[in-house]
Amino acid sequence: MAKMIAVLSVLLLSFAPLVNAGLDSSTDGGELWFSCESADDCSLTRFQVGADVVSGSITQASPLSPSRVLVELPMFPEQTDLALIPDRIKELQIDLRYQDDFAGLTRPDAKVTIIVDQAITEIEFEGDQNPVDGIDGAYRVEDEPLNLEGDRLLWPDEKLKILLEFDVERPGTWELYLRGASFMKLDIIWSENLSLRDVDEPSSDSAPVQTEFDVNHKGALLEDDRDCWSFEIVEHEVMRATFFWEVVPAEIEQSHGQPDLILPDRRLAPTPELITTSSDEELRLTWQWRALPTGTHTLCIGGKLNAFQPYQWAGILAVEGIGPTDPTQFDGDATYPSGFGMAGDESQKVELNAAAGGMVLVLSIAIMMGLAIEVRQDSTSNPIRYGLLVPGVLILLVGGVVSPVWAMAGETQASDELNLDQLIDQRLDQLWHASHPGTPASSRAQHVGSSLGMLDGDTLRLRLEVDAAYPLDDGRFQLHIPALDSVDIGKLVFSKIADKGGTNAGGELLDDHSSTFALLATRTILIDLILLEGLMVVEELPTSNVVHLRMEMVSSTGISVVQDPAWATKPADISEGRWRGFQDELYPSTLVISLCTNCGVDKIDILVKSDGELNSARMVSSSAIQPVDSLVENQHIWVMVGIGISLFAIWLENKRRLKAKKLVMEIAANNLWS
């Protein structure tokens, strides 16, 4: 009966809807269970089916001639979605046991080979001669690197397979426990069913779909297809076609080139104006023509090989100057919204000043020069000189000279440090290379997603000047960076494009690389500065307005879009759980970057919003944020104490000298010497 149920389960699985085949981004879409009917009939399935355990007997094996067992588990049914595979295995567990005829229950050394299309990952497991019964003793790894050879996409019908291999040196029986005991789990963060998304498919240039210009059209551009529509255009001043491209992994993103608009006389329309708007959900391209002839027009877009991207588009006929996509609506405001990442109470802010105390240093040196004159004179009392004056001078030296000099040295920029301008410029250079069309998508995601441009294993060395500390509800303080008040991201981005020579031959429009860079760099610099502002949380109120960051960065789970993640590295001393909560709290609820390349001069607009005030309890503080401190606390008090003790010693010394002088004069007046 049990065997009959198992057979029926496999049959039902084979007839399951194709949407359940392979890997996808649903809640359990990355779970693959080891399922077997026998040792020679195993597979990876989305459901727990088949036998509870499969086994095999080894009759001949010895240390000199071990017997090798191979269990092959291909994924079944085959892949139907296009899925983005992570570069790490979330969890892999295999419950393999060997009942040795001589030694009893053991676990042999095992090797697991994971094959994703052409990429191979091998994981070695060490055996156990005294295993714990059950899954507690199973082979198990978490967060294990998965080799994808730079190709993160698993296309429909591509293969995924696991090979389980082990050697035994003595006769016995091996058992592979299934039904939840052996599995592999992956975090599939994006997937698409190509056939279901490629709807409303126009045929070709020669047979376009008849439609209305001002209705919404849905579809997907798959491979090098040509999608065409034919429609009537009436009298107008401005004609706009707005395409909404869904965000997809960079590996399969279409080129978003200028559509071909064919006029009634079969000629191509003039080059349109272009306005580009980018957000985490979509890329919006608005193509705008002016005063075209009336009649039947044909609009076509073309794709490229190994690419796929869903889209929607709609047209509108308007009068000049109407509508939010008109170039005149751009104000070119791409200044960083200072304070976006601040959770502290600005009304209770504490002003911060330099800790060096230059006036204290000058005053202390002047006083010590005066004391040097006093020290050179003969003393009337060694206890006064060495018990008061010398200690007073030493206290003044430490508090008024050594401590300010220490602080002044700490406030200078070290040779291995960056300032804010240098950090942004370095980041822009990194993004310029990452946005190049020839950059592999995995490399682009790695560099774009790195927090503040720091990859896994890098150390951020940064010097910042702050002007105030905002108290948080939990007693900590968040430091305000005044330089962020005037960061014009758009100006910096276009300046970098000019440095790189990023314009077309005519110098009027940005080339494709420069346009991609402009949108990507603006968004990335914006969220980097939000992160930097949010990270400036310290446990105690600083005594200086200079802060050094010595922040070792390690890999983490990014946030935002799959194509260009954000904040995928974190400070090493912040836990993953705290970092995830911090990401969710800090990342904007709305983030839209708009680029206009036909506004007389290139302009970028930023729209960034948050759901509400930041929760200070979810803000993180890193020990890598090190405000400059004086060598001693309350150095002004040390100076005052040192001066006071020294002056008291001098007063006592002068009093003794006056008393001695008076005694000498009395002796001389009374001729007591004779």
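Points to keep in mind about this one:
- In region 136-168, the residues that are in contact with a Ser or Thr (Cβ under 6 Å, 6 or more places away or on another chain) and either more than 30 Å from Ile252 (Cβ to Cβ) or surrounded by fewer than 16 Cβ atoms within 10 Å (Cβ to Cβ) (or both): Asn147, Gly150, Val168
- Every pair of residues 6+ apart whose Cβ atoms lie under 7 Å, when the first sits in region 304-316 and is in the same structural domain as Asp227 (by TED's automatic domain parsing) and at negative phi while the second is crowded, with 17+ Cβ neighbours inside 10 Å and basic (Lys, Arg): Pro310/Arg197; Gly315/Arg240; Ile316/Arg240
Residue by residue, here is whether (1) surrounded by 20 or more Cβ atoms within 10 Å (Cβ to Cβ); (2) under 24 Å from Gly137 (Cα atoms); (3) free of Cβ contacts under 8 Å to residues at least 12 places away in the same chain; (4) not β-branched (Val, Ile, Thr) holds:
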residue: Val53; (1), (2), (3), (4): no, yes, no, no
residue: Val71; (1), (2), (3), (4): yes, yes, no, no
residue: Thr80; (1), (2), (3), (4): yes, no, no, no
residue: Asp109; (1), (2), (3), (4): no, yes, no, yes
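- Lys609 falls short on exactly one of the conditions (1) under 23 Å from Asp488 (Cα atoms); (2) touching a residue at least 40 places away in the same chain (Cβ under 8 Å), and that condition is (2).
- Residues that are in contact with an Asp or Glu (Cβ under 6 Å, 6 or more places away or on another chain), under 30 Å from Ile189 (Cα atoms) and outside the structural domain of Ser442 (by TED's automatic domain parsing) occur at least once in region 293-302.
- Residue that is modelled with the highest pLDDT, among those in region 180-219 that are over 29 Å from the mean Cα position of the chain (by Cα) and part of a strand (DSSP E or B): Phe183
- Yes/no for Leu153 being closer than 25 Å to Ser556 by Cα and either in contact with an Asp or Glu (Cβ under 6 Å, 6 or more places away or on another chain) or of a type in the set (Ser, Thr, Tyr) (or both): yes
- Qualifying residue in region 132-144 (condition: at pLDDT 90 or above and farther than 30 Å from Ser191 by Cβ): no
- Condition check for Leu460: touching a residue at least 60 places away in the same chain (Cβ under 8 Å) and either of a type in the set (D, E, K, R) or touching a helix residue (DSSP H, G or I) at 6+ places or on another chain (Cβ under 8 Å) (or both): yes
- Some residue of region 324-331 being modelled with pLDDT under 90, among the acidic types (Asp, Glu), closer than 27 Å to Pro588 by Cβ and surrounded by 19 or more Cβ atoms within 10 Å (Cβ to Cβ): yes
- Set Asp456, Asp499, Asp528: member being of a type outside the set (Lys, Arg) and assigned to a loop (DSSP other than H, G, I, E, B): Asp456
- Test: residue in region 226-246 that is at pLDDT below 90, surrounded by fewer than 20 Cβ atoms within 10 Å (Cβ to Cβ) and of a type in the set (A, V, I, L, M, F, W, C): yes
- Those strands (runs of 3 or more DSSP E) of region 534-604 in which 3 or more residues are of a type outside the set (S, T, N, Q), touching a strand residue (DSSP E or B) at 6+ places or on another chain (Cβ under 9 Å) and over 30 Å from Gln258 (Cβ atoms) occupy 546-555.
- Residue in region 595-616 that is closer than 30 Å to Ser544 by Cα, at pLDDT below 85 and of a type in the set (A, V, I, L, M) present: no
- When Gly501, Gly457 are checked against the criterion of being surrounded by fewer than 20 Cβ atoms within 10 Å (Cβ to Cβ), closer than 30 Å to Leu614 by Cα and assigned by TED's automatic domain parsing to the domain that holds Tyr587, a single residue qualifies: Gly457.
To keep it simple, each residue is scored yes or no on (1) surrounded by 18 or more Cβ atoms within 10 Å (Cβ to Cβ); (2) under 20 Å from the mean Cα position of the chain (by Cα).
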position: Ser435; (1), (2): yes, yes
position: Gly438; (1), (2): no, no
position: Arg444; (1), (2): yes, yes
position: His480; (1), (2): yes, no
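- Region 257-276, residues that are surrounded by 15 or more Cβ atoms within 10 Å (Cβ to Cβ), modelled with pLDDT under 90 and either within 28 Å of Ala83 (Cα to Cα) or of a type in the set (Gly, Ala, Ser) (or both): Thr276
- Taken over region 23-41, residues that are surrounded by fewer than 16 Cβ atoms within 10 Å (Cβ to Cβ), within 10 Å of Ile188 (Cβ to Cβ) and in contact with a strand residue (DSSP E or B) (Cβ under 7 Å, 6 or more places away or on another chain) amount to 0.
- Exactly one residue out of Gly303, Gly295 is of a type outside the set (A, V, I, L, M, F, W, C) and crowded, with 17+ Cβ neighbours inside 10 Å, and it is Gly303.
Table: residues versus (1) over 30 Å from Asp512 (Cα atoms); (2) out of contact with any Pro (no Cβ under 7 Å at 6 or more places or on another chain); (3) modelled with pLDDT of 90 or more.
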{"residue": "Tyr386", "(1), (2), (3)": "yes, yes, no"}
{"residue": "Val402", "(1), (2), (3)": "yes, yes, no"}
{"residue": "Ala414", "(1), (2), (3)": "yes, yes, no"}
{"residue": "Leu420", "(1), (2), (3)": "no, yes, yes"}
{"residue": "Leu431", "(1), (2), (3)": "no, yes, yes"}
{"residue": "His447", "(1), (2), (3)": "no, yes, yes"}
{"residue": "Gly453", "(1), (2), (3)": "no, yes, yes"}
{"residue": "Arg476", "(1), (2), (3)": "yes, yes, yes"}
{"residue": "Leu484", "(1), (2), (3)": "no, yes, yes"}
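- Pairs linking a residue in region 91-104 that is small (Gly, Ala, Ser) to a residue that is surrounded by 15 or more Cβ atoms within 10 Å (Cβ to Cβ), with Cβ atoms under 8 Å and 6 or more positions apart or on different chains, are Ala103/Arg170.
- Restricted to region 69-160, the set of strands (runs of 3 or more DSSP E) holding at least 1 residues that are basic (Lys, Arg) and out of contact with any Pro (no Cβ under 6 Å at 6 or more places or on another chain) comprises 88-100, 110-116, 139-145.
- Selection status of Asp602, crowded, with 20+ Cβ neighbours inside 10 Å and of a type in the set (D, E, K, R): yes
The values are calculated or read from the model by the stated rules, or taken from the named source; none is laboratory data. Nothing here was measured: the structure is a model prediction, and the numbers come from that model. Methodologically, a virtual Cβ is constructed for each residue, glycine included, from the backbone with ideal geometry; neighbour enumeration extends over all protein chains shown.
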